[in-house]
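The values are calculated or read from the model by the stated rules, or taken from the named source; none is laboratory data. Keep in mind that this is a model prediction, so the values were computed, not measured. Here the Cβ is made from the backbone with ideal geometry for all residues, glycine too, and neighbour counts use every protein chain on show. All accessible areas refer to the heavy atoms of the entire protein, side chains included, with ligands and DNA or RNA removed. Shrake-Rupley method; radii C 1.70, N 1.55, O 1.52, S 1.80 Å.
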Amino acid sequence: MIGALLEIAAALILLAGLVFLMFGTIGLLRLPDLYCRAHAATKCDALGAGLTLLGLAMMASAPGDALRILALIALVLVASPTAGHALTRAAWHAGVRPWTAERRDDGE
């Protein structure tokens, strides 16, 4: 009984992680500029990957495997926002201006 509930919970967490990954991908494709795209990619993908890995850790058969997956979660939650910040900071210092309603991409 407990094993079945654990599997259901792990499947729901995996599904939630995949939904966040999908939203991050949509944001990466649809948002107007580098800053918005970096925000969508780093925030949604860090949470999506974290939830997906958490679901996998819950399904792991050996405690050592679950511990390694939890270490990956910590790495993703630190590295993804840090990389996004470094990318957007470098773009800012290179002179990439943020998109505004007054400065649209279609030239109007």
**Message:** I'd like to check one number: the per residue accessible area of the chain, probe 1.4 Å, reported in Å² as a whole number.
**Reply:** 68
**Prompt:** Rounded to a whole number of µm²/s, how large is the Stokes-Einstein D of the chain at 10 °C and 1.306 mPa s, given Rh as the Kirkwood radius over C-alpha pairs?
**Reply:** 102
**Asked** Of the heavy-atom accessible surface of the chain (probe 1.4 angstrom), what whole percent is carbon and sulfur?
**Response** 73
**Request:** Using a Gaussian network model of the chain whose springs link C-alpha atoms within less than 10 Å, name the residue from LEU47, LEU14, LEU72 with the highest mean-square fluctuation.
**Result:** LEU72
**Point-to-point label distance, SER61-ALA74, nm (Cα→Cβ direction, 7 Å offset)** = 2.7
**Prompt:** For GLU7 and THR82, what does the FRET efficiency come to when R0 = 30 Å and r is the distance between their Cβ atoms, rounded to the nearest 0.05?
**Reply:** 0.35
**Message:** Under a Cβ-only charge scheme (Lys and Arg +1, Asp and Glu -1), can you give me the dipole magnitude of the chain about the Cα centre, in debye to the nearest 20?
**Reply:** 220
**Request:** Project the alpha carbons of the stretch 52-92 onto their principal axes and report the range along each, largest first, in whole Å.
**Result:** 46, 14, 7
